[in-house]
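Input: a single structure, listed below in structure tokens.
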Amino acid sequence: MSTLAMQRRRATAGRVWTQFRSSRQGMIGLGVLLLFVLMALAAPLLADARELSPVFARAQGNPQWASPGEFSPLGTDHIRRSVWAQFVWGSRVSIFVGLAATVLTIAIGSVVGIVSGFVGGRVDAVLMRLTEWFLVIPFLPLAIVLASVLGRNVWNIIFVIGITSWPSTARLIRAQVLTVKQRLFVDRARSLGASGGHIVSHHILPNVMGLILANATLAVPISILTETTLSFLGLGDPSAASWGKTLEEAFVNGAMTRNAWWYFLPAGLGILAVVLAFTLIGRTLEEIANPRLSRGR
Amino acid sequence: MSEPMLSVRDLTVTYHGQGGAVPAVRGVSFELEKGGSLGLAGESGCGKSTMANSLLRLLPAGTEVTGEITLDGQDVLGLTPGGLRAVRWTSGAIVFQGALHALNPVQTVGDQIAEPMLVHETAKNDAAARVRVVDLLRRVGLPAARADAFPHQLSGGQRQRVLIAMALACDPHLLIADEPTTALDLMVQAQVLALLDDLKQERDLTLLFITHDLSVLTYACQRLAVMYAGRIVEEGPAWAVFESPSHPYTRALAAAFPTIGDRMSRMSPSGLGGDPPTPGQLPEGCPFHPRCPLAHDACLVAEPELRASGQGGRAACILV
């Protein structure tokens, strides 16, 4: 790659950042997300991983069901573990699974959608039947079966979420590719001697990129929530403390009836904040990717 | 001028749709010598754009094209897909109609003008392409800074200029202008026409100009061909066709333009009633006879061939 292309790419990145900075919702989302990412990265500094073990907690002499007032900073649970430690270490699992599953979902969905929409004909028919086949399988039973067959670890959870949630992305992107393909500038590109690959990379992809980004921002929260769901149903990785697992344990052990709000609120609000942050960032990126959506010229 | 730049022999284009075969172009032949310019006129649906697109084989898959197209010494209909891609834009380039839709909304116009150079590798790298883009923009009368604009930030006339710049990117020999001035107001139309004319002189371009506007063609072209129902019905030097048309259809088309300052043409605008025939259901005999003011029985029998009509032109009418 020539240095000029590098320069231009850097200039584009700079332009995106300038535009992003001028958006309030984008900056709020980015701020919240950065906060949680920093927390996830700095987990070893913020809380001792041994706090997650009930044996260690008992040995430490932690009280049971202690409110934040009695045991700082966030109280303890039914087996004396620090809720703060679970919150901090849980953010790692939740954010990582959410991002990784989204990457998998969007990658499969985009490739299938673009190939299907652009090539058309028999390829389209075969890929769409495959997509429908995945679409009609009820999600939870498939996820439960896959999770129990494959074993309960983080990578399998990511695989299960990815393999079950790409079909809707694929259909959405295929529909958009079909409309973009009909536009005159695609004919123009063909008439100036461009090959299929060139048309996809220079004309189709940039025009569906906004949709892919928007879809990714929707897929991150859904992936995080799916991980939460699977953990809540007891299908999560038993050795990884995720926010979903915290919620499950709080629910199963009657934190609600005990009025132990400190047990489930941090994890619940954490999920809410991260999901919201991704949505705000995604909306802003979509506006930048699609110049016609942005206010002012 | 021995070898013509573009030669079309007995070209027929048939679309195969759900309603059966639709002959959109039925046996068109013409030659365009190097540096010459031919205007193609006619109502909507008479096969002008279909013919233009067939020259670079841009018609949808499944369309039947027969005849012979020789562009720049190459047999277009016999080319392999790779050879075809190489010919597109280097031998013949198209200035599209509807400038907004022919531009990708999410790319800067500079990148889009550079696109043919990168596809055909006529520019070694991005920097060389960039220099050339700025050159081309200046040539079509746009400031170099406009290279960084997105299509929606330009006016209709500017967008049309961008498309012209793009068409020139690979120094094509033949420029096919498909209604380049249709959606523009008169002043901008005049500017774009003047620009095309300048470029033609300067680069010795061969020009095929397609529009329904006869007055534009007489301004921009040396020769003029009028199409009706997929055939050329009259062809000749531009001024002769416009000033003294031989075919009744051309006469009606020319008369449809009011003369400024002439009260008569304003008070009683002349035109042509009815619509052109549907390509799938052409009438017997001369396809123009149902609308022709001079039609008589002989017109119902056979479709007339082109024949000499004085003043160096040809017309397909039995009255000539």
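On the basis of being away from every other protein chain (no Cβ under 12 Å), surrounded by fewer than 17 Cβ atoms within 10 Å (Cβ to Cβ) and in a helix (DSSP H, G or I), does A:A125 make the cut? Answer is yes for this residue. In the stretch A:6-30, which residues are among the hydrophobic types (A, V, I, L, M, F, W, C) and either outside any helix (DSSP H, G or I) or within 25 Å of the chain's Cα centre (by Cα) (or both)? If the condition is that a residue be among the hydrophobic types (A, V, I, L, M, F, W, C) and either outside any helix (DSSP H, G or I) or within 25 Å of the chain's Cα centre (by Cα) (or both), then A:A13, A:V16, A:W17, A:F20, A:M27, A:I28, A:L30 are the ones that fit. Only one of the listed residues (A:G197, A:G193) is within 30 Å of A:G120 (Cα to Cα), within 14 Å of chain B (Cβ to nearest Cβ) and not in a helix (DSSP H, G or I). That residue is A:G193.
Restricting A:V208, A:V180 to residues that are within 11 Å of chain B (Cβ to nearest Cβ), under 30 Å from B:P105 (Cα atoms), of a type in the set (V, I, T) and touching a His at 6+ places or on another chain (Cβ under 8 Å) narrows the list to A:V180. When the stretch A:234-268 is filtered for residues that are modelled with pLDDT of 85 or more, assigned to a loop (DSSP other than H, G, I, E, B) and within 19 Å of A:V88 (Cα to Cα), the ones remaining, listed by number, are A:S242, A:A260.
Of all residues in the stretch B:41-57, at least one satisfies being away from every other protein chain (no Cβ under 14 Å), among the hydroxyl-bearing types (S, T, Y) and within 17 Å of B:A225 (Cβ to Cβ).
Between A:S67, A:S72, the distinction of being touching a residue at least 60 places away in the same chain (Cβ under 8 Å) and polar (S, T, N, Q) belongs to A:S67 only. Screening A:A66, A:A57 for residues that are away from chain B (no Cβ under 14 Å), touching a strand residue (DSSP E or B) at 6+ places or on another chain (Cβ under 9 Å) and in a helix (DSSP H, G or I) leaves exactly one candidate, A:A57. Scanning the stretch B:121-174 for residues that are charged (D, E, K, R), in a loop (DSSP other than H, G, I, E, B) and over 19 Å from the mean Cα position of the chain (by Cα) gives B:E121, B:K124.
Within the set B:H101, B:H173, B:H120, the sole residue that is surrounded by fewer than 22 Cβ atoms within 10 Å (Cβ to Cβ) and more than 9 Å from chain A (Cβ to nearest Cβ) turns out to be B:H173. In the stretch B:176-186, the qualifying residues are those that are surrounded by fewer than 21 Cβ atoms within 10 Å (Cβ to Cβ), more than 13 Å from chain A (Cβ to nearest Cβ) and within 18 Å of the chain's Cα centre (by Cα), and the one that is farthest from B:G36 (Cα to Cα) is B:L184. Answer yes or no: is there a residue in the stretch A:218-233 that is away from chain B (no Cβ under 14 Å), in a loop (DSSP other than H, G, I, E, B) and in contact with a helix residue (DSSP H, G or I) (Cβ under 8 Å, 6 or more places away or on another chain). The answer is yes; a qualifying residue exists.
Yes/no per residue for (1) closer than 20 Å to A:A250 by Cβ; (2) at pLDDT below 90; (3) out of contact with any helix residue (DSSP H, G or I) (no Cβ under 9 Å at 6 or more places or on another chain); (4) in a helix (DSSP H, G or I):
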{"position": "A:V32", "(1), (2), (3), (4)": "no, no, no, yes"}
{"position": "A:V37", "(1), (2), (3), (4)": "no, no, no, yes"}
{"position": "A:R50", "(1), (2), (3), (4)": "no, yes, no, yes"}
{"position": "A:F71", "(1), (2), (3), (4)": "yes, yes, no, no"}
{"position": "A:R80", "(1), (2), (3), (4)": "yes, yes, no, no"}
{"position": "A:I106", "(1), (2), (3), (4)": "no, no, no, yes"}
{"position": "A:G109", "(1), (2), (3), (4)": "no, no, no, yes"}
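Whenever a residue of the stretch A:247-270 is closer than 19 Å to A:L233 by Cβ, its partners that are among the β-branched types (V, I, T), lying with C-beta atoms within less than 7 angstrom and at least six residues away or across chains, give the pairs A:L247/A:T228; A:Y263/A:V83; A:A267/A:T246. Total residues in the stretch B:10-24 satisfying the condition of being at pLDDT 90 or above and under 17 Å from the mean Cα position of the chain (by Cα): the figure is 3.
The condition of being assigned to a loop (DSSP other than H, G, I, E, B), in contact (Cβ under 8 Å) with a residue 60 or more places away in the chain and crowded, with 19+ Cβ neighbours inside 10 Å does not hold for B:Q107.
Yes or no, residue by residue, for (1) out of contact with any helix residue (DSSP H, G or I) (no Cβ under 6 Å at 6 or more places or on another chain); (2) crowded, with 18+ Cβ neighbours inside 10 Å; (3) not basic (K, R):
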residue	(1), (2), (3)
B:Q112	yes, yes, yes
B:P116	yes, yes, yes
B:R138	yes, no, no
B:G156	yes, no, yes
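If only residues of the stretch B:61-82 that are more than 19 Å from B:F30 (Cβ to Cβ) and touching a strand residue (DSSP E or B) at 6+ places or on another chain (Cβ under 8 Å) are counted, the one that is nearest to the other protein chains (Cβ to nearest Cβ) is B:G62.
Quick one: is B:S265 over 25 Å from B:L38 (Cα atoms), modelled with pLDDT under 85 and in contact with a Phe, Trp or Tyr (Cβ under 9 Å, 6 or more places away or on another chain)? Against the criterion (over 25 Å from B:L38 (Cα atoms), modelled with pLDDT under 85 and in contact with a Phe, Trp or Tyr (Cβ under 9 Å, 6 or more places away or on another chain)), B:S265 qualifies. For the stretch B:1-78, the strands (runs of 3 or more DSSP E) that sit wholly inside it and include 3 or more residues that are more than 27 Å from B:D198 (Cβ to Cβ) are B:6-17, B:20-32, B:64-71.
Determine if the stretch B:193-212 includes at least one residue that is surrounded by fewer than 23 Cβ atoms within 10 Å (Cβ to Cβ), on the phi < 0 side of the Ramachandran plot and within 14 Å of another protein chain (Cβ to nearest Cβ). No, that holds for no residue. Scanning the stretch A:141-153 for residues that are in contact (Cβ under 8 Å) with a residue 60 or more places away in the chain and assigned to a helix (DSSP H, G or I) yields a total of 4.
The values are calculated or read from the model by the stated rules, or taken from the named source; none is laboratory data. Everything quoted here is computed from the prediction, not taken from an experiment. Glycine gets a Cβ as well: all are built from the backbone with ideal geometry, and neighbour counts include every protein chain shown.
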